[in-house]
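What follows is calculated from the coordinates using simple rules that are stated; it is not laboratory data. Keep in mind the model is a prediction, meaning the values are calculated, not measured. Cβ: placed from backbone, ideal geometry, glycine included. Neighbour counts: every protein chain shown.
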Amino acid sequence: MVKLSNDKLAESEIVRRAQQGDKEAEEYLLEKYRKNVLIRARSYYLVGGDHEDLIQEGMIGLLKAIWDFRPDRETQFATFANLCIERQIQTAISSANRQKHMPLNNSVSIYAAVSEEDPG
C-alpha cells in the first residue's frame, strides 16, 4: 500500500493531490477502490470479452472519477467513484452489444475451419 494510507488526510485532499499529478495519491485511490471495481464487474457479462475486460473498464471509470471529481459539488468521492465505475462498465457493455459489432461477436474464423478439415 502507498504511504498515504498512514496520513490523516481527508479523501478530498488525496483526490486533489492526484488531480495535480501526485502519482502516489493516484495509486492510493486506485488501490483503495479496486475492490469496488471487482464487486461491480462481477455482476455483468461482456459479449465477446471476459471478466478482466470488465475490470479494466471499471478501473478506467475510477480514473475518470479521480480526474473529474469536484468537492464543491458536496458529494463524497466514494459515491462519485462508484457511479463512474458503474457507468463505464455499462457503457462498455452497451458498446459491445451494438448491432455494428454483431459480425465480430458472431463470426467464426475461416482459418480454424480449414485447419480442422485439413490435418496436413
So what J values fall out for region 26-36 if you push phi through Karplus, 6.51 cos²θ - 1.76 cosθ + 1.60 with θ = phi - 60°, rounded to Hz, Gly and Pro as x?
4, 4, 4, 5, 4, 5, 5, 9, 4, 4, 4
If you filter region 24-75 for chymotrypsin sites (Phe, Trp or Tyr not before Pro), then keep DSSP loop positions with at most 11 other Cβ within 10 Å, what is left?
Tyr45
Residue order, fewest to most beta carbons within 10 Å, for Ile110, Ile85:
Ile110, Ile85
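What do you get for trypsin sites (Lys or Arg not before Pro) in region 1-74 restricted to DSSP loop and a cutoff of at most 10 other Cβ within 10 Å of the site's Cβ?
Answer in residue order: Lys8.
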